[in-house]
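Take a look at the structure set out below.
Just so you know, all these numbers are worked out from the coordinates, no wet-lab data involved. Since we're looking at a predicted model, the values are computed, not measured. Glycine gets a Cβ as well: all are built from the backbone with ideal geometry, and neighbour counts include every protein chain shown.
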Amino acid sequence: MDNFGETASRHMPRHFFWKCLDLDHDSAVRADVSKQNYSVCPRHWYIDATFKCSRCSKTFCFTAAEQKKWYEDLGFYVDSCAKDCLNCRHDKRVQKTLRQKYDRDIESTLNSNDAEEKQRLVDVIDRLCSLDSALPARIHENRKTLGEQIARIHRVDGG
Ligand SMILES: [Zn+2]
């Protein structure tokens, strides 16, 4: 009886690699379970695992090295697993940062008279648009308003 796959990676419980398309057991490296965050069942091995990205649908490898980083260095719970490819994870982080900047600045920028400040937020919105095709209509409306305000300021400046 192999305790949760302690002696062989092939005996690891399947839920650890749920929805996985392919597991490369030749890549298996032993984990340091003392560094893991788990309740009952640790991950005794890290194994290169192929998944389909939930965002862009491309296949990607959640590597043994990444798993070691997630579960030993970053303290992620062992039952968590990568859902998205590296590119999409990066895009999501950028998207989140841009959205926070937008939410923080939109009111004051709509009310300001500074064309450059407005332009900076227009650029933020355009980058958000390129990462997220389903932005709320309100954001598109605010982008239009900012564009009109910028044009008005330039007209006044130009005499
Ligand atoms: Zn992806």
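Per the Debye calculation on the chain with a single equal scatterer at every Cα and no solvent contribution, log₁₀ I(q)/I(0) for q = 0.12, 0.18, 0.20, 0.21 Å⁻¹ amounts to -0.66, -1.00, -1.15, -1.23. Relative contact order, percent, of the chain when contacts are C-alpha pairs under 8 Å separated by at least 6 residues? Dividing the mean separation by the residue count of the chain yields 16 percent. Straightening the chain between Ser133 and Arg89 buys 14.2 nm, computed as 0.36 nm per residue apart minus the Cα-Cα spacing. Each Cα pair under 8 Å and six or more residues apart adds its separation to the average, and for region 103-159 the resulting relative contact order is 40 percent.
Computed over neighbours whose Cβ is under 11 Å from that of Asp32, the net charge equals +2, Lys and Arg +1, Asp and Glu -1. The distance from the alpha carbon centre of region 46-75 to that of region 92-159 is 35 Å, rounded to a whole number. In terms of the mean number of neighbouring beta-carbon atoms within 10 Å, the peptides 146-156, 58-68 order highest first as 58-68, 146-156. What FRET efficiency comes out for the pair Asp73/Asn3, r = Cβ-Cβ distance, R0 = 41 Å, nearest 0.05? The formula returns an efficiency of 0.95 here.
What you get for the chain, charging only the Cβ of Lys and Arg (+1) and of Asp and Glu (-1), is a dipole of about 300 debye around the Cα centre. For region 3-84, the dipole from Cβ point charges (+1 on Lys and Arg, -1 on Asp and Glu) about the Cα centre works out to 280 debye, to the nearest 20.
Working note: Karplus 6.51/-1.76/1.60 with θ = phi - 60° gives region 141-154 the couplings 5, 5, 5, 5, 4, 4, x, 5, 5, 4, 4, 5, 4, 5 Hz, where Gly and Pro are set to x.
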